[in-house]
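**Q** Dropping the structure in here first, questions after.
The values are calculated or read from the model by the stated rules, or taken from the named source; none is laboratory data. Being a predicted model, the structure only gives us computed values, none of them experimental. Glycine gets a Cβ as well: all are built from the backbone with ideal geometry, and neighbour counts include every protein chain shown. What goes into the accessible areas is simple: the full protein's heavy atoms, side chains included, and nothing from ligands, DNA or RNA. Shrake-Rupley method; radii C 1.70, N 1.55, O 1.52, S 1.80 Å.
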Amino acid sequence: MIKIRNLTKYYKNIHALKGICLHVPEGELFAYLGPNGAGKTTTIRILTGLTQLSSGDAWLNGFHIHQHTLDAKRQCGLVPQSVNLDQELTVYENLDVHGRLFHMPSEKRKEKIHELLTYIDMEDRKDTPARQLSGGMKRRVMIARSLVHSPKVLFLDEPTVGLDAGIRRRIWALIKKIQQNGTTIFLTTHYIEEAEFLADRVAFLDEGKIVANDTPQKLMARLGEWAIDRIADNEMNTVYFETREAAGTYSPEQHESFTLRRVNLEDAFLSLTGKKVSGKAPGQKEKS
Amino acid sequence: MKGWSAVYYRELLILRRRLSRMLASMSVSPLLYLIAFGYAMGGHVRVEGYSYTEFLIPGLVAMSSMTQAFGIASEINISRFYWHIFEEFQAAPISNRAYVCGEVLAGMTRALIAVAVILTLGLFFGVFLSYTPLFWLAVLLNSFIFASLAVAVAMLVKSHADQAMVSNFIITPMAFLGGTFFPVERLPEWAQGILFLLPLTHAAKSVRAAAFGQTPSLFSYLLLFLAGCICFTIALRCVNRARD
Ligand SMILES: Nc1ncnc2c1ncn2[C@@H]1O[C@H](COP(=O)(O)OP(=O)(O)O)[C@@H](O)[C@H]1O
Ligand SMILES: [Mg+2]
């Protein structure tokens, strides 16, 4: 569904993408995980036609993004990182303009918008101007808008950034539902739990390069299943164990505190890149 | 070309929402000019055989259709840099030509509304001129030029401050010198030469001639049309380049 070959991008002297190769099969929920500035947004912007690539190729549902730009655009829906609703227009009007931009006939547009508003549970808000919506509602409307033309691939750029935990879970449920309806989903995030919870497959992106690309289970399994975080002399480090029993044999040193937990994607990312997805260097203290 | 109507439709929705505010702000400056220049001098001063108010109305029509059509530049700018709405258009399967057409038509629509406001104000000042098809054609060509220019500028500038610079250094001087408030012929030769190159001078001349029931010069219309086509082409280029 999505195929990317040797994609590079320069912004003047910033080398944002350094040869990305990816293949996302139909129906998959693919997560692109990396710290801020890794190049996640740049990748999405190139695939959806907002930014020019510097070299390489990409296809969406078989359409080359340069040779068949308009056809390629028809395949995809986009929910950008920052809210870009028309604040003065109502929820309905926002979706309606989108449907028109994708050349949908009036009857079909009406029907689909109605269906989507029910789907995101906002039927009663259809005449509310977008500016009066809460952050979570705006996200939902943006997701609904991106689905009006029934795209084959949905690009979600950090769909839950800045939302609180409850609303985040609600958006996750919505994303899962969209995938179950057969849409391929390409999601970027720098939230570990988001990738773990949602993704069929995860690619780690670091400084414009993909450093790993596998299922979350396999990425984590490389390290073992259990981890002990130990803090001694203001330094934190982590040791990994295959089994819980093995972890149970761990004997702490004096003045050391430790916690036992399951291995997560953060550990996998850290072991491959030497940094955390959340942007903190290893061993650095958490800010309180 | 498919998709221009979607862009235009969006602009119309916004226009409708702001209509009363817009009508009010579109009336303020023409009203001030009419009172300050027209009403105060109108009785005594005669220009080219007409009362000053009669002379002024077509000038205001040309000026307002220019400033209002150009006004979409700042709208596009705000929605591009502040609301990121331009991304919606970029991600949609519409050609750049369709996008430019939609926005230019929106600018022309604003210009026409502004002209209607001025003509209505004119009625209150007792000005009855002949608003013939040639009059409207000149208005349309003028707004076509400046709406296209607006799209081009909106794509080129990197911020809202740049935008204000363009208005200050290009649009405002033209508005005052391009035959709006006085006949260009009263200026020295060299100044006339410069003003002859500006589209607004020709628009004001044509609009005024048509409104006075005279035969406007074909040359001016051709020139306006040509200028419009050039600006439109530049706008297209600029949209192509607006992807970083
Ligand atoms: N429009 C731009 N102009 C110049 N540099 C940019 C632009 N957009 C992004 N970059 C740079 O490209 C790199 C990748 O950015 P981005 O794709 O936004 O990362 P992410 O979405 O993973 O946080 C960063 O170093 C960023 O500073
Ligand atoms: Mg980003």
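**Q** Can you tell me which residue is nearest to the chain's Cα centre (by Cα) among those in region B:1-32 that are in contact (Cβ under 8 Å) with a residue 40 or more places away in the chain and more than 14 Å from chain A (Cβ to nearest Cβ)?
**A** The qualifying residue nearest to the chain's Cα centre (by Cα) is B:MET26.
**Q** In region A:210-220, how many are closer than 20 Å to A:ALA247 by Cα and touching a residue at least 40 places away in the same chain (Cβ under 8 Å)?
**A** 2
**Q** Now for a different question. For B:ALA73, all conditions in the list (1) within 14 Å of chain A (Cβ to nearest Cβ); (2) open to solvent by less than 20 Å² (accessible area, probe 1.4 Å) hold save one; what is the number of the exception?
**A** (1)
**Q** Every residue in region A:126-169 that is open to solvent by 60 Å² or more (accessible area, probe 1.4 Å), in contact with a helix residue (DSSP H, G or I) (Cβ under 6 Å, 6 or more places away or on another chain) and within 15 Å of A:ASP86 (Cα to Cα), please.
**A** A:LYS126
**Q** A further question on this structure: Does region B:43-70 hold any residues that are closer than 30 Å to A:LEU50 by Cβ and surrounded by fewer than 23 Cβ atoms within 10 Å (Cβ to Cβ), and which are they?
**A** None - no residue of region B:43-70 is closer than 30 Å to A:LEU50 by Cβ and surrounded by fewer than 23 Cβ atoms within 10 Å (Cβ to Cβ), so the list stays empty.
**Q** In addition: Please determine whether any residue of region B:153-160 is open to solvent by 10 Å² or more (accessible area, probe 1.4 Å), of a type in the set (Lys, Arg) and part of a helix (DSSP H, G or I).
**A** Looking for residues that are open to solvent by 10 Å² or more (accessible area, probe 1.4 Å), of a type in the set (Lys, Arg) and part of a helix (DSSP H, G or I), one finds none in region B:153-160, hence no.
**Q** Here is a further query. Scan the helices (runs of 4 or more DSSP H) fully inside region B:25-124 and keep the ones with 2 or more residues being in contact with a Phe, Trp or Tyr (Cβ under 9 Å, 6 or more places away or on another chain), hydrophobic (A, V, I, L, M, F, W, C) and over 29 Å from A:LEU78 (Cβ atoms).
**A** So the answer is B:52-70, B:96-124.
**Q** Name the helices (runs of 4 or more DSSP H) wholly inside region A:1-115 in which the number of residues that are open to solvent by less than 10 Å² (accessible area, probe 1.4 Å) and within 16 Å of ligand 2 (Cβ to nearest atom) is 2 or more.
**A** A:40-47
**Q** For B:ALA98, state whether it is modelled with pLDDT of 95 or more, more than 30 Å from B:PHE212 (Cα to Cα) and within 14 Å of another protein chain (Cβ to nearest Cβ).
**A** yes
**Q** Okay, next question. From A:ALA173, A:ALA144, grab the single residue that is away from chain B (no Cβ under 14 Å), away from ligand 1 (no atom under 16 Å from the Cβ) and more than 25 Å from A:GLY37 (Cα to Cα).
**A** Of A:ALA173, A:ALA144, the one residue that is away from chain B (no Cβ under 14 Å), away from ligand 1 (no atom under 16 Å from the Cβ) and more than 25 Å from A:GLY37 (Cα to Cα) is A:ALA173.
**Q** Going through region A:1-48 one residue at a time, which ones are aliphatic (A, V, I, L, M), more than 7 Å from ligand 1 (Cβ to nearest atom) and more than 16 Å from the chain's Cα centre (by Cα)?
**A** Passing the criteria: A:MET1, A:ILE4, A:LEU7, A:LEU17, A:ILE20.
**Q** Follow-up question, since we're still on this one. Give me the residue from region B:127-148 that is of a type in the set (Ser, Thr, Tyr) and open to solvent by 40 Å² or more (accessible area, probe 1.4 Å) and, out of that set, nearest to B:VAL117 (Cα to Cα).
**A** Here the answer is B:TYR131.
**Q** Looking at region A:119-136, is at least one residue more than 25 Å from the chain's Cα centre (by Cα), at the interface with chain B (Cβ under 9 Å from one of its Cβ atoms) and part of a helix (DSSP H, G or I)?
**A** For region A:119-136, residues more than 25 Å from the chain's Cα centre (by Cα), at the interface with chain B (Cβ under 9 Å from one of its Cβ atoms) and part of a helix (DSSP H, G or I): absent.
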